[in-house]
Ligand SMILES: Cc1ncc(C[n+]2csc(CCOP(=O)(O)OP(=O)(O)O)c2C)c(N)n1
């Protein structure tokens with residue numbers, strides 16, 4: 001046997017669930033104050049296995065199967081944080097964030113302010129969201145804008161495995177509360193090379209995932225993959241070169257990065273799964289028209305779900321934006 | 001000890017009328033007639049047949065995620081059979097198919113919902129049930145309001161609301177019980193304690209030794225019943241319904257049963273279910289119990305079972321044919337029934353979508 005040396009930090013191929021689990025494992029090992037709590041997160045390892053193996057490794061005291069009540073999961077996290085721990089609660093689906101919203105909106109987000117700095121809230125609420133996978137009714141809504149309109153809370157929504165791990169580590173270490181949104185659709189579908197060691201991806205930075213010249217498409221979470229697919233179609237069938245930006249962090253927002261990407265082409269299409277009215281796209285569009293007005297060559301196009309409730313599975317594909325919808329949105333933006 | 005209300009931790013013996021062998025307990029007069037018993041058995045068997053067929057349809061991708069009733073049939077059928085569908089209401093969670101059928105929902109409607117077709121969300125007028133509730137416990141305050149409203153309008157109607165042991169941890173349950181006690185709403189809280197909320201065992205939901213004991217704190221009675229005993233569940237519910245109907249307010253019934261299958265079609269219970277516990281429930285099957293009882297009275301035998309099973313299988317297949325004949329979902333359905341008077345912005349979105357998908 002050779003002698004043990006420094007662990008070699010390499011990379012491994014991980015899907016998003018694995019990357020999230022890797023981040024949780026790493027941070028729980030590094031910081032004893034981190035506790036994971038939620039419905040079915042312990043013995044089962046989460047309904048999507050994001051916390052698989054954590055309870056075996058860190059024990060029932062740090063990986064806690066709670067009673068079924070989102071309000072108390074989040075409300076108790078406030079108290080756990082005040083006691084000196086770093087809670088990472090899971091909402092099994094963001095659709096059931098409503099059951100905890102009185103604690104999130106009214107308490108978690110503004111406890112630092114309400115206590116004038118005495119009680120920061122280093123809580124990271126993890127939750128899968130979004131549709132496209134035929135989940136039962138009321139599970140799939142993209143409710144991010146409810147939370148971005150909640151001052152005091154950070155809201156991030158990574159689209160790939162590398163960002164999922166790096167941003168989750170950054171979120172848990174952040175002194176402020178972060179809603180960490182995980183794309184249901186991307187959990188297993190999206191994978192990539194991820195460093196096996198410790199690294200963080202700073203919150204508040206967008207990234208360009210595809211360089212292009214004619215039009216800038218802006219998205220986050222599961223919609224990013226759709227946009228790169230649309231970019232392929234646009235290149236192959238229409239000779240259009242698409243610049244694709246992943247917002248990654250909604251609050252804080254990378255205004256400079258987004259403005260630079262807009263100025264690069266002068267034409268903008270914003271894509272999200274949430275309904276149009278008061279969706280996060282409205283915030284992006286308002287920011288862009290204010291900060292990059294003179295570089296705009298066409299009105300900003302939005303490709304979103306309609307202003308209707310999330311339907312049952314059979315109608316889902318009419319509701320959630322598809323690649324074709326994005327292609328059409330881009331063609332509209334270029335026609336003007 | 002300073003306290004006056006001290007949990008004694010003693011397990012409460014659930015009320016039982018039929019032993020697992022189908023023997024009627026001494027001194028018990030059945031609350032169901034033979035015809036009612038046979039009808040109840042048939043409904044339980046229909047549910048089992050449906051569960052099996054729906055599971056295989058789901059595996060073929062022709063049916064969405066759904067939760068089987070298997071093992072809990074007596075709990076649902078016994079309670080629903082105590083209602084008058086003309087004036088009483090059922091407010092379900094999602095694991096109560098036979099209660100919905102008894103109230104008059106066509107099986108094909110139920111199927112359509114789980115096939116992802118919005119037509120399945122429309123319960124025919126006159127059928128006194130609320131839609132399946134996916135958001136746990138959200139139905140419980142609604143049921144209290146419904147019961148309260150029926151009471152204010154003196155309809156004589158009673159509401160039975162179903163929910164699981166998991167759902168009973170939600171604030172909505174406790175807030176609803178509290179209000180129901182205060183206004184003496186004619187509601188029966190039917191808590192199906194099937195041992196699990198997905199992977200979370202009953203003992204992690206509540207430190208109370210009995211879930212029914214929580215009723216005391218809200219000022220109304222609670223009762224624990226053997227949920228695999230059709231007769232006992234019926235008798236207990238009938239009494240709670242009579243209480244509610246005569247103005248004496250709510251009752252909390254804890255029906256102790258066991259989920260014999262996965263939580264739903266997406267679940268893998270081998271990761272957490274205790275195999276020995278599952279085995280110990282197998283001899284307690286609620287359908288077999290009624291069949292044994294009826295057989296001992298020469299009202300049932302193997303031939304009858306086979307005939308009924310064949311009829312039920314045909315009934316489920318026929319419902320499937322009806323469900324499949326429903327037009328395929330369309331984009332325009334997204335926009336129907338969102339508002340009575342859709343805003344112009346929504347009308348424009350509709351026009352754009354329909355153009356895009358036609
Ligand atoms: C408010 C809410 N939180 C979480 C979920 C996800 N979920 C669906 S079923 C379930 C367990 C329900 O257990 P229980 O109420 O005991 O009913 P059972 O399924 O065992 O009949 C959970 C956590 C949900 N549907 N609604």
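Derivation of every value follows stated rules applied to the coordinates shown; laboratory data play no part. All values reported here derive from a predicted model rather than from experimental measurement. Heads up, the Cβs are rebuilt from the backbone with ideal geometry, glycines too, and the neighbour counts pull from every protein chain shown.
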* Anyone know which of A:29, A:50, A:161 comes out most mobile in the 10 Å Cα GNM of chain A? -> A:29
* On each of the three principal axes of the Cα atoms of region B:34-327, give max minus min coordinate, whole Å, ordered largest first. => 49, 45, 41
* Asked: Across every pair of different alpha-carbon atoms, what Kirkwood hydrodynamic radius in Å does chain A reach?
  -> 20.4
* Asked: For the protein assembly as shown, what are the per-bin percents of Cα-Cα distances with bins 10 Å wide, up to the bin holding the maximum?
  -> 3, 14, 22, 24, 19, 11, 5, 1, 0
* Within region A:72-96, backbone nitrogen closer than 16 Å to the virtual label 7 Å beyond the Cα of residue B:178 toward Cβ -> A:72
* Antiparallel content of DSSP bridges confined to region B:158-282, in %, to 5 -> 10
* To do: Classify region A:13-201 as rounded, prolate or oblate, taking a ≥ b ≥ c as the square roots of the eigenvalues of its Cα gyration tensor: rounded when a/c is under 1.5, otherwise prolate if a/b is larger than b/c and oblate if not.
  => rounded
* To do: Could I have the simple spin-label model distance between residue A:237 and residue B:351, label points 7 Å from Cα toward Cβ, reported in nm to one decimal?
  => 2.5
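How much of the DSSP bridge set in the protein assembly as shown is antiparallel, in percent, rounded to the nearest 5?
Numbers: 13 of 65 bridges.
Antiparallel bridges make up about 20 percent of those DSSP assigns within the protein assembly as shown.
What is the diffusion coefficient of region A:207-335 in µm²/s, taking the Kirkwood radius over Cα pairs and the Stokes-Einstein relation at 25 °C with a viscosity of 0.890 mPa s? Don't skip to the answer; put the middle values down first.
On the way: Rh = 14.5 Å.
Rounded, D is 170 µm²/s.
R0 = 51 Å: FRET efficiency of residue B:35 with residue A:317, Cβ-based, nearest 0.05? The partial results should precede the final answer.
On the way: r = 48 Å, r/R0 = 0.94.
Result of the calculation: an efficiency of 0.60.
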* chain B, relative contact order in percent, only Cα pairs under 8 angstrom and at least six apart counted -> 23
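To the nearest 0.05, what FRET efficiency results for residue A:255 and residue A:198 with a Förster distance of 25 Å applied to their C-beta separation? Working shown, then result.
Details: r = 29 Å, r/R0 = 1.15.
The formula returns an efficiency of 0.30 here.
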* To do: Set the Förster distance to 35 Å, then compute FRET efficiency between residue B:310 and residue B:337 from the Cβ-Cβ distance, nearest 0.05.
  => 0.35
* Asked: Fewest to most neighbouring Cβ within 10 Å: what's the order for A:154, B:53?
  -> B:53, A:154
* Asked: Which distance in Å, rounded to a whole number, links the C-alpha centroids of region B:199-218 and region A:216-274?
  -> 50
* Run the numbers on chain A and let me know its relative contact order in percent, using alpha-carbon pairs under 8 Å that are six or more apart. => 16
* Write down the percent of antiparallel bridges among all DSSP beta bridges whose residues are both part of region B:107-214, to the nearest 5. => 25
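What is region B:1-128 by shape, rounded, prolate or oblate, if you read a ≥ b ≥ c off the alpha carbon gyration tensor as root eigenvalues and call it rounded for a/c under 1.5, prolate for a/b larger than b/c, and oblate otherwise? Display every interim value, and only then the final one.
Values: a/c = 1.85, a/b = 1.57, b/c = 1.18.
Note, shape of region B:1-128 comes out prolate.
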* Rel. contact order, % - alpha carbon contacts under 8 angstrom, at least six apart, region B:1-74 -> 20
* **Computed [θ] at 222 nm, helices only, for the protein assembly as shown once each DSSP H run of length n ≥ 4 contributes -39500 (n - 2.57)** => -12000 deg cm²/dmol
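For residue B:248 and residue B:271 in one chain, what is 0.36 nm times their gap in residues minus the Cα-Cα distance, to one decimal in nm? Kindly include the intermediate steps, with their values, before the conclusion.
Working: separation 23, 0.36 × 23 = 8.28 nm, distance 4.47 nm.
Extra length from residue B:248 to residue B:271 when fully extended: 3.8 nm.
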